[in-house]
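Report on one structure; see the data block that follows.
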Amino acid sequence: MHKKKREQQQKRFKIKPLVAQTDNQKDYVRSIIENHVTLCTGPAGTGKSFVASGLSSEHLHKGKIDQIIITRPMVCTGRDIGAMPGDVHEKIKPYLMPMEENLKHFLGQGLYGNYFNKNQIRYEPLETMRGATFHNAYMILDEAQNCTLDQIKMFITRMGENSKVIINGDIKQTDLYKRSGLQTCIDKLCGLEGVGVITFGYEDIQRHSIVGAILAALEE
């Protein structure tokens, strides 16, 4: 998009700004900006997906990137819901609805639709990404606690020029029957230059105030 046209669109469409609510959320934003890869883990409701959506929306709208790529493993919570109808993109859509709602929150329905129709917001099945390369993009892997290490390695290596990778999940809510690849990835990459690791706690939860207390009690 030409600079003048982009400036006109920015004036016409106002997006909601991302406002970090806790120190850890501020560190999360800083990590995404300063690093090539950011790994984020913590309880539900701490803003792992929300912050990633807000920052990527802002940078897409400002022309700092050309596209947002979103994916997650197609693993059910608990009992398997069975085969989903449609092609592979239709099958993954229900899994990615929370991320879609996050993006709409920041961009608004109209602007979101504009970017989506132009293929600048893309939902890609993790299982079909091998061989792809994404340039000038924010690549977001959501619910990564349900990924194997091989899946996360494959995802990271899809990163092209001027792209950033954001991988988030809640290690304590994995539905895998073996150690989460996200935890292994954090253990191996922590301290590596260009990789940021952020850990949220119950104090970062931005949902109903009782959620943190319930999660803490259930772990005792």
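The values are calculated or read from the model by the stated rules, or taken from the named source; none is laboratory data. All values reported here derive from a predicted model rather than from experimental measurement. Ideal geometry is used to build each Cβ from the backbone, glycine not excepted, and the neighbour counts take in all protein chains shown.
May I ask you to list pairs of residues, at least six apart or on different chains, whose Cβ atoms are under 7 Å apart, with the first in region 115-134 being part of a loop (DSSP other than H, G, I, E, B) and the second being modelled with pLDDT of 95 or more and of a type in the set (K, R)?
From residues that are part of a loop (DSSP other than H, G, I, E, B), the pairs are M129/R158; A132/R158; T133/R158.
Looking only at region 189-220, count every residue that is of a type outside the set (A, V, I, L, M, F, W, C) and at pLDDT below 70 and tell me the total. Before you say what the answer is, go through the steps one by one.
Taking region 189-220 and keeping what is of a type outside the set (A, V, I, L, M, F, W, C), we get 191, 193-194, 196, 199, 201-204, 206-209, 212, 219-220.
Retained after the next criterion (residues that are at pLDDT below 70): 207-209, 212, 219-220.
Residues meeting the conditions: 6.
Filter region 164-182 down to residues that are in contact with a helix residue (DSSP H, G or I) (Cβ under 9 Å, 6 or more places away or on another chain) and without any contact (Cβ under 8 Å) to a residue 24 or more places away in the chain, then give me how many there are. Spell out how you get there, then give the answer.
First, the residues of region 164-182 that are in contact with a helix residue (DSSP H, G or I) (Cβ under 9 Å, 6 or more places away or on another chain): 164-176, 179-182.
Still in the list and also without any contact (Cβ under 8 Å) to a residue 24 or more places away in the chain: 179.
The qualifying residues number 1.
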